[in-house]
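Participant: Quick one: this structure, given as structure tokens, is what I'll be asking you about.
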Amino acid sequence: MTPDPAELLDVACSVARQAAELVRQHRSHGVTVADTKSSSVDVVTEADRASERLIRSLVLEARPDDSILGEEGDDHVGTSPVRWVVDPIDGTVNYLYGIPEYAVSMAAEVDGRVVAGVVHNVATGVEYAAVLGGGATRDGVPLRVRDVPPVQQRLVLTGFGYDREVRAGQAERVARLLPRVRDVRRMGSCALDLCHVAEGAADGYVEEGPHPWDWSAGALVAAEAGATFALLPGSLVAPCEGQPGSVVAAAPAAGWDEFTALLADCGFVIEPRE
Ligand code: IPD
């Protein structure tokens, strides 16, 4: 039987809330860096690990046959068509510094397609949720992207990876983008950035290199609120096999073509050579 997306969303919201509570409790006892990953500035805290362990055990308790892809752990391969794509804390550096912009992000895929997603801002408790074809909400209130202004009046969110060389390329492209738009923001959580596009707090988001756990849930929230979301070809190899491109982009559908033309002009999007 095909799983019901609304039921998957209920599981996602319940698990994300419990994980967020755990992350909050950890913070009140002080944040410790447990390890570094791709570079010395790519940190993982004890709370990232504890949150992912909790999410894994709660998901498997509710749905023992599902698969899980998480940022911090070994993949769990189940037998059902459902795979959970989980970021136990998206925005870990904000968490470390106490900037209230970090989230638990959980997406449920059925046969490879995201059908439900939740992004729970741990610091504020604000919860963004969506079901494929069922719209997106913030704390239960329906969300809609903002009206599209001319390109030069758009506020664009972006992010940077942890690798120095990757960052140097990202900085060059952002330097080209900045004079052409209203302004650029680097908030620190890809999942929340996508939700900000969904709620009309930004006109677009672009970043090269985020992983599926960063964008899967937020992408559904953005798309269900009226944005176009795409993985476009860029200068990096896409982080997952079969992913069409490494550049993660979202913008209100009505302004999408101008947005992607701008991204191509600024060097983010590169058409693959024949
Ligand atoms: C990071 C955040 C950040 C983005 C990075 C991500 P993490 O995720 O989403 O905004 O710019 O590319 O890696 O490491 O905090 O889970």
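Participant: Would you mind giving the three semi-axes, in whole Å and largest first, of the ellipsoid equivalent to the stretch 99-191 according to its Cα gyration tensor?
Facilitator: Listed largest to smallest, the semi-axes of the stretch 99-191 are 27, 18, 15 Å.
Participant: A further question on this structure: Rounded to whole Hz and in sequence order, give me ³J(HN,Hα) for the stretch 73-78 from the Karplus expression 6.51 cos²θ - 1.76 cosθ + 1.60, θ = phi - 60°, writing x for Gly and Pro.
Facilitator: Coupling constants for the stretch 73-78: x, 6, 5, 10, 9, x Hz.
Participant: Picking from Pro81, Gly98, Ala62, whose Cα lies most toward the positive end of the charge dipole for the stretch 5-142 (charges on Cβ: Lys, Arg +1; Asp, Glu -1)?
Facilitator: The listed residue farthest towards the positive side: Gly98.
Participant: With charges only on Cβ, +1 for K and R and -1 for D and E, what is the dipole size of the chain about its Cα centre, in debye, rounded to 20?
Facilitator: Taking the Cα centre of the chain as origin, the dipole is about 740 debye.
Participant: Which distance in nm do the two modelled labels at Ala261 and Glu241 give, with both placed 7 Å along the Cα-to-Cβ direction?
Facilitator: Result: 3.9 nm between the two label points.
Participant: Using alpha carbon centroids, what distance separates the stretch 101-137 and the stretch 199-274, in Å?
Facilitator: 17
Participant: Still on this model: In the neighborhood of Tyr95, defined by Cβ-to-Cβ distances under 12 Å, what is the net charge if each Lys or Arg adds +1 and each Asp or Glu adds -1?
Facilitator: Neighbourhood net charge equals -3.
Participant: Let me ask something additional. Mean projection of the alpha-carbon convex hull of the chain over all orientations, in nm²?
Facilitator: Taking a quarter of the hull surface, the average projection is 14.0 nm².
Participant: Probe 1.4 Å, all protein chains in place: accessible area of His26 in Å², nearest 10?
Facilitator: The value for His26 is about 60 Å².
Participant: Provide the three semi-axes, in whole Å and in decreasing order, of the ellipsoid equivalent to the stretch 151-265 as defined by the square roots of 5 times the Cα gyration tensor eigenvalues.
Facilitator: 19, 17, 13
Participant: Then there's this: Note the full-extension length gain between Asp111 and Ala253 as 0.36 nm times their separation in residues minus their Cα-Cα distance, in nm to one decimal.
Facilitator: Stretched fully, the Asp111-Ala253 segment lengthens by 48.6 nm.
Participant: So, for the chain, what is the accessible surface per residue at a probe of 1.4 Å, expressed in square angstrom?
Facilitator: I get 45 Å² per residue for this part.
Participant: Kindly write out, for the stretch 124-141 in residue order, the coupling ³J(HN,Hα) from the Karplus curve 6.51 cos²θ - 1.76 cosθ + 1.60 (θ = phi - 60°), rounded to whole Hz, with x marking Gly and Pro.
Facilitator: Once rounded to whole Hz, the list reads 9, x, 5, 10, 9, 9, 7, 10, 4, x, x, x, 10, 9, 10, 6, x, 9.
Participant: In addition: For the peptides 197-209, 88-100, 215-227, what is the packing order when you average, over each peptide's residues, the other Cβ atoms within 10 Å and list the highest mean first?
Facilitator: Packing order, densest peptide first, comes out as 215-227, 197-209, 88-100.
Participant: Which whole-Hz couplings ³J(HN,Hα) result when phi for each residue of the stretch 145-156 is put into the Karplus expression 6.51 cos²θ - 1.76 cosθ + 1.60, θ = phi - 60°, listed in order with x for Gly and Pro?
Facilitator: For the stretch 145-156, the Karplus curve yields 5, 7, 5, 8, x, x, 3, 5, 10, 8, 9, 10 Hz.
Participant: Could you give the dipole magnitude of the stretch 5-142 about its Cα centre, charging the beta-carbon of Lys and Arg +1 and that of Asp and Glu -1, in debye to the nearest 20?
Facilitator: Once rounded to the nearest 20, the dipole reads 260 debye.
Participant: Mind ordering 240-246, 188-194, 44-50 by average Cβ neighbours within 10 Å, highest first?
Facilitator: Ranking, from highest mean packing down: 188-194, 44-50, 240-246.
Participant: Please work out the Cα convex hull volume for the stretch 43-160 and give it in Å³ per residue.
Facilitator: Normalising the Cα hull of the stretch 43-160 by residue number yields 147 Å³.
Participant: Right, something else. Over the stretch 5-142, with every protein chain in place, what whole percent of the accessible area is carbon and sulfur at 1.4 Å, could you tell me?
Facilitator: 50
Participant: Okay, moving on. Using a 1.4 Å probe, how large is the accessible area of Phe268, given in Å² and rounded to the nearest 10?
Facilitator: Solvent-accessible area, nearest 10 Å²: 0 Å².
Participant: Quick one: which residues, 5 or more positions from Val115 or on another chain, have an amide H under 5 Å from its amide H? H modelled 1.01 Å from N in the peptide plane, none for Pro or chain starts.
Facilitator: For Val115, whose amide H was placed from the backbone, the distant partners under 5 Å are Ala108, Glu109, Val110.
Participant: Report the GluC sites (Glu not before Pro) located in the stretch 49-118 that are in a DSSP loop and have at most 10 other Cβ atoms inside 10 Å of their Cβ, or state none.
Facilitator: Sites meeting the loop and neighbour criteria: none at all.
The values are calculated or read from the model by the stated rules, or taken from the named source; none is laboratory data. Bear in mind the structure is a predicted one, so any value in this text is a computation, not a measurement. Note that we place each Cβ from the backbone using ideal geometry, even for glycine, and neighbour counts take in every protein chain shown. These accessible areas exclude ligands, DNA and RNA; they are computed on the full protein's heavy atoms, side chains included. Shrake-Rupley method; radii C 1.70, N 1.55, O 1.52, S 1.80 Å.
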